[in-house]
1. Please list the non-local residues whose amide H lies under 5 Å from the amide H of residue 391, H modeled 1.01 Å from N, same-chain partners needing a gap of 5 or more.
2. Do me a favour and compute the ellipsoid semi-axes for segment 279-383 from its Cα gyration tensor, root of five times each eigenvalue, largest one first, whole Å.
3. Counting only protein chains, not ligands or nucleic acids, how are 405, 400 ordered by accessible area (probe 1.4 Å), most first?
4. Which cross-chain or sequence-distant (5 or more) residues have an amide H under 5 Å from the amide H of residue 48, H modelled 1.01 Å from N in plane?
5. With θ taken as phi - 60° and the coefficients 6.51, -1.76 and 1.60, list the Karplus ³J(HN,Hα) couplings across segment 212-228 in order, rounded to whole Hz; mark glycine and proline as x.
6. For n ≥ 4 DSSP H runs only, could you compute -39500 (n - 2.57) per run for the chain, divide by its residues and tell me the 222 nm figure to the nearest 500?
7. Just to make sure I understand: if all protein chains stay in place, what is the order of 388, 293 by accessible area at 1.4 Å, largest first?
8. Going by amide H atoms built from the backbone, whose H comes under 5 Å of the H on residue 43, apart from near neighbours?
Amino acid sequence: MNQLLEEIRQKDSSAFTHSGKFHADDVFSAALLLYLNPEITIIRGNKVPDDYKGLVFDIGRGQYDHHQKDSRVRENGVPYAAFGLLWEALGAEILGAELAEKFDESFVQPLDNNDNTGEKNELATLIGNFNPGWDSKGSNDQAFFQAVSVAGMILENKFERYRGNERADKRVEEVLEEHQRALKTGDTPAENTNILVLPEFIPCQKRLSETSIAFVIFPSNRGGYCIQPQKKEYSMNYKCSFPSQWLGLEGEELIAATGLESAVFCHKGGFLMTCGTLEDSLRACRSSLAAFHEEAVIVSLGGSAETDYLLQDLPDLSCAKIIHLTVPELPELTMEGSYCEIAMEKSRWKSHIKDQIKQILKYKPEAVFAGDDMFSLYPIVHALRKKHVPVLTAIEKDGRKLLIRIPSGS
């Protein structure tokens with residue numbers, strides 16, 4: 001156990017932070033300390049008392065403050081805030097080193113970045129909204145601890161989710177190993193190579209995207225079995241889909257369409273089907289695999305013949321069909337000298353971008369190429385990244401033109 005954790009867990013331990021307006025940074029820092037020791041006393045004030053002996057965070061220019069000029073920045077450029085500094089010291093004790101690093105990247109860093117740069121973050125906004133209004137008569141400290149209570153519940157749920165995902169990953173590996181053994185011994189027929197039968201529901205989409213498994217089958221809590229198609233890695237598209245004529249059917253209609261006596265339901269979105277028996281569930285998967293044929297598509301926005309040549313050289317996409325779409329026209333602008341702004345109202349602008357994304361996604365692209373007109377394409381690229389659609393653009397390195405994937409993000 002590290003020294004900081006020992007101090008936090010001592011009887012009658014306390015921690016001091018700033019008073020006044022609070023943010024997600026100090027709120028989640030306090031929630032983290034209370035998670036580790038529900039009896040710790042959190043004190044708020046304008047100045048750290050000279051004789052104070054407890055932990056100090058987000059004030060005082062100490063180890064767990066970040067307001068000094070030489071405050072620390074992560075290697076990836078994200079500056080630390082108090083929450084990140086405390087998590088760095090304590091996270092491995094809670095989740096273990098590997099999960100703690102993942103938690104920092106996905107959960108802590110966005111909050112730290114919000115606190116340091118003001119970059120929009122919905123969770124930070126939610127926590128900030130606990131601050132009393134300008135004309136409120138309520139206590140600022142009371143509002144702070146209400147926010148801390150909510151943050152504490154979020155942390156507890158997040159920690160359990162991370163631990164659960166780690167347990168799921170290990171369980172999926174066990175099931176995959178057993179599947180491979182059964183294929184080698186012949187206990188599982190070769191025709192079921194791309195079908196994984198789970199003994200119970202296990203979150204596995206992310207892990208299985210890296211494999212050849214196209215469908216998973218698991219017992220339904222309503223009786224019978226659920227079938228879920230699995231997505232390709234770095235794609236919104238499934239490795240195999242149910243036949244389109246099954247989608248949206250149930251009961252007798254689905255039985256007639258599939259020829260499966262225990263077929264129950266097939267979601268219109270194609271992400272779930274249910275059958276009464278395991279045998280029919282396996283048949284549904286095999287029928288789908290036999291009937292499935294889908295041409296891979298790349299959407300090119302503003303690409304040229306040269307970029308088409310590069311796109312046709314992409315690994316696993318050399319035979320993809322390239323759909324050329326024109327770069328969206330420049331919207332109406334209001335101009336003042338050399339400066340201009342988009343004339344559309346915010347709601348119209350959002351709707352405008354949404355329509356453009358729909359136009360792209362209707363082709364179910366494996367990737368989208370974005371050309372040079374970054375002003376027109378940036379909002380589209382941003383929206384595609386949030387949907388985890390691979391976005392490519394062209395760069396020049398050492399005299400060669402290359403394609404580079406823009407990392408997806410939330």
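The values are calculated or read from the model by the stated rules, or taken from the named source; none is laboratory data. Since the structure is predicted, the reported quantities are computational estimates derived from the model, not experimental observations. As a convention, Cβ positions derive from the backbone with ideal geometry for all residues, glycine included, and neighbour counts pool all protein chains shown. Areas reflect the complete protein model, heavy atoms only, side chains present, ligands, DNA and RNA absent. Shrake-Rupley method; radii C 1.70, N 1.55, O 1.52, S 1.80 Å.
1. For residue 391, the qualifying residues are 368, 406.
2. Numbers: eigenvalues 272, 75, 13 Å².
Result for segment 279-383: semi-axes of 37, 19, 8 Å.
3. Numbers: 405 90, 400 150 Å².
From most accessible down to least: 400, 405.
4. Sorted by chain and number, the residues that satisfy this come to none at all.
5. Using θ = phi - 60°, the values come out as 8, 5, 9, 9, 10, 10, 8, x, 8, 6, 9, x, x, 9, 9, 10, 10 Hz.
6. Values: 13 runs with 164 residues, N = 410.
Result for the chain, helices only: -12500 deg cm²/dmol.
7. On the way: 388 95, 293 160 Å².
Result of the area sort, largest leading: 293, 388.
8. 15, 16, 17
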